[in-house]
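Read-outs throughout are calculated quantities, based only on the coordinates presented, and are distinct from any laboratory measurement. These numbers come from a predicted model, not from an experiment. FYI the Cβ positions are ideal-geometry reconstructions off the backbone, even for glycines, and counts take in every protein chain you see.
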Amino acid sequence: MTADRLYHVDGDLVPAAEATVSVDDRGFRYGDAAFETMRAYGGTIFDWSAHVDRLERTCATLSLDHGISADDLRGRIDETLAANDLDDAYVRLSITRGVQPGTLTPRPDVDPTVVIYVRPLPRGGTDGTPVWDEPATVRSVETRRIPDEAVPASAKTHNYLNGILARTELEAPADDGERDAVADAALMVDVDGTVAECATSNLFFVREGTLRTPSTDGPVLPGITRDIVLELAAETGTPVREGKYDLADVLEADEAFLTNRTWEIRPIATLDGVDVGGGPITGRLSRRYDERVETRCYGDGDPA
């Protein structure tokens with residue numbers, strides 16, 4: 001139960017009910033914070049080095065010089081997992097600029113707030129089962145992805161308003177007042193109408209034997225799971241094309257799937273009511289992903 005868990009807040013393990021931050025914290029006031037969502041498999045953080053690199057890029061974008069080493073952060077994560085007796089878990093690490101005077105302009109001197117949250121999440125190795133019960137239902141939404149020129153998509157910050165607005169569209173009743181089953185993911189396009197990504201996941205689809213995905217030249221988060229899928233595609237000789245696509249391109253796909261740290265690789269059952277489904281390429285990449293998790297986290301491979 002959540003009440004029994006321990007979280008790591010500013011260097012201390014505290015019960016979940018006592019895991020609090022100041023109302024003057026800039027992460028609370030302005031979303032002025034960086035975070036990473038990770039998976040622990042067998043007590044090992046999968047692709048830890050990639051998460052550290054992206055966290056530092058986000059902090060650089062925010063000009064947030066927190067001064068905490070990667071080894072220190074990893075130690076806090078390992079301590080939190082051990083305290084909760086968790087080997088397979090969802091892990092979220094947040095670093096805020098901390099408490100500063102209530103003005104928008106940040107001060108260069110930072111006393112960061114560091115929070116580590118964990119919860120149980122089943123393994124995803126070759127003998128495991130996915131955390132999702134069935135393929136995803138996806139709906140396109142009117143909310144547009146924020147242009148990179150306004151807020152860089154590569155920065156994982158606490159400001160999730162764009163995704164929240166997209167998700168609220170999924171909750172809205174239809175024109176006739178009837179409420180349909182809520183979709184699992186909200187697919188957003190950019191201001192030019194080009195497909196970008198879902199609110200919390202990257203998009204892949206297959207047409208004519210080629211794996212396609214929106215390019216990170218647009219407002220698309222360079223997801224770590226996305227990067228792994230591209231690596232696995234290269235290893236398996238699967239043709240890949242990163243580019244700009246319209247919604248119609250995805251609706252005509254032979255197969256499609258979403259990627260993020262929690263879902264890993266999740267096939268799309270339907271998009272706007274149109275059947276899509278997985279397929280041989282989705283299945284092959286999923287197996288290779290599971291094998292990589294198995295080797296790096298449960299086997300004798302490099303755990304980096």
Using the 10 angstrom Cβ neighbour count as an exposure proxy, how do 58, 105 rank, fewest first?
105, 58
May I ask for the net charge around residue 135, where only other residues with Cβ less than 10 Å from the Cβ of residue 135 are counted and Lys, Arg are +1 while Asp, Glu are -1?
-2
Cα long-axis angle, helix 70-83 against the chain (0 to 90 degrees, to the nearest 10):
90 degrees
Using a Förster distance of 25 Å, the FRET efficiency for residue 295-residue 2 (Cβ separation, nearest 0.05):
0.20
How far is helix 224-235 tilted, in degrees, relative to the longest principal axis of the Cα atoms in the chain, given as a value from 0 to 90 rounded to the nearest 10?
50 degrees
Calculated [θ] (222 nm, deg cm²/dmol) that DSSP helices of n ≥ 4 give over the chain, each run adding -39,500 (n - 2.57):
-7500 deg cm²/dmol
Rounded to the nearest 20 debye, dipole of the stretch 1-61 from Cβ charges on Lys, Arg, Asp, Glu
220 debye
³J(HN,Hα) computed for each position of the stretch 181-192 - Karplus, 6.51 cos²θ - 1.76 cosθ + 1.60, integer Hz, glycine/proline x
4, 5, 5, 7, 8, 10, 8, 10, 10, 8, 5, 9
Of 188, 279, 245, which is farthest on the positive side of the dipole of the stretch 136-298, counting Cα position, with +1 on Lys and Arg Cβ, -1 on Asp and Glu Cβ, and the Cα centre as origin?
279
Here the net charge surrounding residue 108, from other residues whose Cβ is less than 15 Å away from its Cβ (Lys, Arg +1; Asp, Glu -1), is -1
Which whole-Hz ³J(HN,Hα) couplings does the stretch 134-143 yield from phi under the Karplus relation 6.51 cos²θ - 1.76 cosθ + 1.60, θ = phi - 60°, glycine and proline marked x?
7, x, 7, 9, 10, 10, 6, 10, 7, 4
Pop the C-beta distance of residue 164 and residue 236 into the FRET formula with R0 = 35 Å and round what comes out to the nearest 0.05.
0.45
So, with +1 on the Cβ of K and R and -1 on the Cβ of D and E, and no other charges, what is the size of the charge dipole of the stretch 136-298 about its Cα centre, to the nearest 20 debye?
680 debye
If I take R0 = 30 Å and measure r between the Cβ atoms of residue 105 and residue 18 in this structure, what FRET efficiency does the formula 1/(1 + (r/R0)^6) give, to the nearest 0.05?
0.40
C-alpha center-to-center spacing [the stretch 33-58, the stretch 252-304] in angstrom
19 Å
Note the listed values (1) 19.5; (2) 21.0; (3) 20.4, then indicate which one is Kirkwood radius over Cα pairs in Å calculated from this particular structure.
(3)
Compute the projected area of the convex hull of the Cα atoms of the stretch 136-298, averaged over all viewing directions, and report it in nm² to one decimal place.
9.9 nm²
Add +1 for every Lys or Arg and -1 for every Asp or Glu among the other residues with Cβ under 15 Å from the Cβ of residue 237, and state the total.
+2
For the pair residue 154 and residue 252, how long in nm is the line joining their label points, each one 7 Å along Cα→Cβ?
3.2 nm
Footprinting proxy, 94, 49: sorted fewest to most Cβ within 10 Å, the residues are 49, 94
